[in-house]
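Colleague: Can you keep this structure in mind? I'll have questions shortly.
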Amino acid sequence: MMELAISTADADLVASEILGGESERCAVLFASRVDRADGGVRFIVRNIEIPSPESYTEQTAVRAELNPAFVAKISKNARMRGDSIVFIHSHLDEARPEFSRIDDLGENRLADFLAVRMPGVPHVSVVVSAGGWCGRQLGTSNPIKIVSIGERRDVLFEPGSCGEPIQPIFDRQVRAFGEAGQRVMESLTVAIVGLGGTGSVAAEQLAHLGVRRFVLIDPDKLEPTNLNRVVGASKGDIELPKVEVAANHIAKIAPEASVKCVQGDITRTRIARELIPVDFIFSCTDSHGSRAVIQQISYQYLIPCVDVGSILTAKNGRVTGIHGRIQALAPGLPCFSCSGLIDAEEVRRDMMNEEERRLDPYIQGAQEPAPAVISINSTVTSLAVTMFMSITLGIPSEGRYVLYNANRPSLRSVTASQNPTCYICSPSGVLGRGNSQALFTRND
């Protein structure tokens with residue numbers, strides 16, 4: 001399956017520019033390409049160009065044709081950047097759009113032209129009306145799924161959305177968010193980075209919800225001190241990779257689930273790239289370096305993410321504070337850098353290998369393990385999974401940056417300001433750049 005990913009802000013901009021007139025209008029998008037987990041291609045929109053009136057050779061209520069000079073210009077720009085081109089045009093009626101015979105003829109000429117200018121490069125055609133979106137590979141009948149990414153992950157066009165019958169075990173969930181919602185859940189590939197106290201809970205809950213494709217990433221093996229909080233683990237699992245422990249637990253809940261286990265450090269390029277094909281990321285790691293990498297991939301490849309953090313402080317054997325933080329990352333939302341949650345010095349240390357840490361004069365001794373209790377981890381992770389359902393299914397839970405304090409107790413939604421020139425989450429940063437921007441990771 002091919003998929004087109006576009007930020008919600010860009011999707012809204014396109015609709016506002018081309019809908020509502022008395023004649024059809026066009027928009028041109030530039031998109032990078034990456035491979036999907038299912039073997040298809042994902043087009044990631046990063047730039048938009050709205051043609052001027054002079055860019056058309058014809059513009060009527062049933063036809064819009066761009067002139068050869070404009071098409072030559074945009075194909076040159078796309079070729080120089082290695083991008084695919086997404087051609088969008090409007091239909092004036094309010095019904096759900098379908099490609100017309102006129103669309104077919106115009107696309108065939110356009111596809112023939114681009115095959116000479118940009119051989120071997122796939123392009124996309126989209127039609128938009130007041131009734132929705134419809135997409136396909138340019139010059140073919142191959143449908144393309146269209147997804148907008150922002151505070152919500154909305155499927156704007158889903159080809160052949162009827163699949164296998166919903167399993168009876170999901171009856172109570174279907175009563176909550178419908179068959180369509182359950183099918184969305186089952187269609188997602190979800191990555192979990194960190195399979196400790198929070199990540200193992202996330203894996204269990206997602207398997208019960210119906211997620212059936214997982215990518216699990218963690219460098220560590222299970223230790224005896226992990227047994228108090230890693231869900232699904234037993235003494236017999238000690239010294240097994242945490243990803244295998246989680247995979248075995250998922251298999252008990254959903255034997256049919258596909259689970260890819262990646263034992264490695266997310267700050268290393270080869271491991272980090274395992275996130276690129278997925279649909280959603282759970283960040284359940286506790287280091288600044290790993291969060292820096294995850295946030296870059298989230299914004300650069302338009303992959304929504306929920307980050308989970310829990311803190312339990314204690315002194316002299318007494319608990320002094322219980323706190324949690326759940327934060328979503330997506331276009332239009334501030335990243336960790338904008339939120340003041342990334343420490344550059346900690347990132348530097350996290351990126352080092354063991355020999356470099358040993359030789360660094362600023363790193364003294366071993367870090368003291370933090371207190372951890374399963375109930376706190378489970379509370380915070382459950383809030384994160386609920387946020388995930390809000391983003392993917394639209395359940396009514398609007399918070400995208402939530403703080404939990406068990407002392408008072410309180411649960412409150414907070415906001416952070418987005419830096420308009422942020423190197424991560426702004427259009428002038430890595431947002432939507434796909435493979436054209438190298439990851440800030442180590443290659444060893």
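Colleague: Is it the case, given these coordinates, that ILE266 is in contact with a Gly (Cβ under 9 Å, 6 or more places away or on another chain), crowded, with 24+ Cβ neighbours inside 10 Å and in the same structural domain as ALA202 (by TED's automatic domain parsing)?
Modeller: Taking the combined requirement at face value, the residue satisfies it.
Colleague: Name the residue, out of ILE238, ILE253, that is in contact with a His (Cβ under 8 Å, 6 or more places away or on another chain) and over 12 Å from GLY194 (Cβ atoms).
Modeller: Selected residue: ILE253, the only one of ILE238, ILE253 that is in contact with a His (Cβ under 8 Å, 6 or more places away or on another chain) and over 12 Å from GLY194 (Cβ atoms).
Colleague: Could you look through region 82-113, keep only residues that are of a type in the set (D, E, K, R) and out of contact with any strand residue (DSSP E or B) (no Cβ under 7 Å at 6 or more places or on another chain), and pick out the one that is surrounded by the fewest Cβ atoms within 10 Å (Cβ to Cβ)?
Modeller: ARG101
Colleague: Enumerate the pairs (first residue in region 309-335 and closer than 21 Å to SER382 by Cα; second residue anywhere and part of a loop (DSSP other than H, G, I, E, B) and among the small types (Gly, Ala, Ser)) with beta-carbon separation below 6 Å, excluding pairs fewer than 6 apart on the same chain, so at least 6 apart or on different chains.
Modeller: ILE322/ALA406; ALA330/GLY150
Colleague: Show me the helices (runs of 4 or more DSSP H) found entirely inside region 325-444 where at least 3 residues are modelled with pLDDT of 95 or more and among the hydrophobic types (A, V, I, L, M, F, W, C).
Modeller: 374-393
Colleague: (1) surrounded by fewer than 17 Cβ atoms within 10 Å (Cβ to Cβ); (2) of a type in the set (Ser, Thr, Tyr); (3) over 28 Å from ILE311 (Cβ atoms): which one isn't true of SER426, the others all being true?
Modeller: Of the numbered conditions (1) surrounded by fewer than 17 Cβ atoms within 10 Å (Cβ to Cβ); (2) of a type in the set (Ser, Thr, Tyr); (3) over 28 Å from ILE311 (Cβ atoms), the odd one out for SER426 is (1).
Colleague: State all residues of region 89-120 that are touching a helix residue (DSSP H, G or I) at 6+ places or on another chain (Cβ under 6 Å) and within 22 Å of ALA11 (Cα to Cα); if no residue qualifies, say none.
Modeller: Within region 89-120, just SER90 meets the criteria.
Colleague: Between residues in region 34-59 that are farther than 24 Å from GLU24 by Cα and residues that are surrounded by 13 or more Cβ atoms within 10 Å (Cβ to Cβ) and modelled with pLDDT under 90, which pairs lie under 9 Å by C-beta distance while being six or more apart or on different chains?
Modeller: Sorted first by the residue in region 34-59, then by its partner, the pairs are ARG36/MET1; ASP38/MET1; GLY39/MET1; GLY40/MET1; VAL41/MET1; ARG42/ARG36.
Colleague: Failed condition for LYS252, given (1) charged (D, E, K, R); (2) closer than 29 Å to ILE238 by Cβ; (3) in contact (Cβ under 8 Å) with a residue 60 or more places away in the chain; (4) part of a helix (DSSP H, G or I), with all others met?
Modeller: (3)
Colleague: Among residues belonging to region 281-324 that are over 13 Å from the mean Cα position of the chain (by Cα) and in a loop (DSSP other than H, G, I, E, B), point out the one that is farthest from VAL41 (Cα to Cα).
Modeller: Step by step, filter region 281-324, then rank; the result is ASN316.
Colleague: Related question: Quick one: would you say ALA130 is outside the structural domain of LEU105 (by TED's automatic domain parsing) and on the phi < 0 side of the Ramachandran plot?
Modeller: Here the answer is no, as ALA130 does not meet what is asked.
The values are calculated or read from the model by the stated rules, or taken from the named source; none is laboratory data. Since the model is a prediction, treat every value here as computed from it, not as a measurement. Positions of Cβ are backbone-derived with ideal geometry, glycine not excepted, and every protein chain shown enters the neighbour counts.
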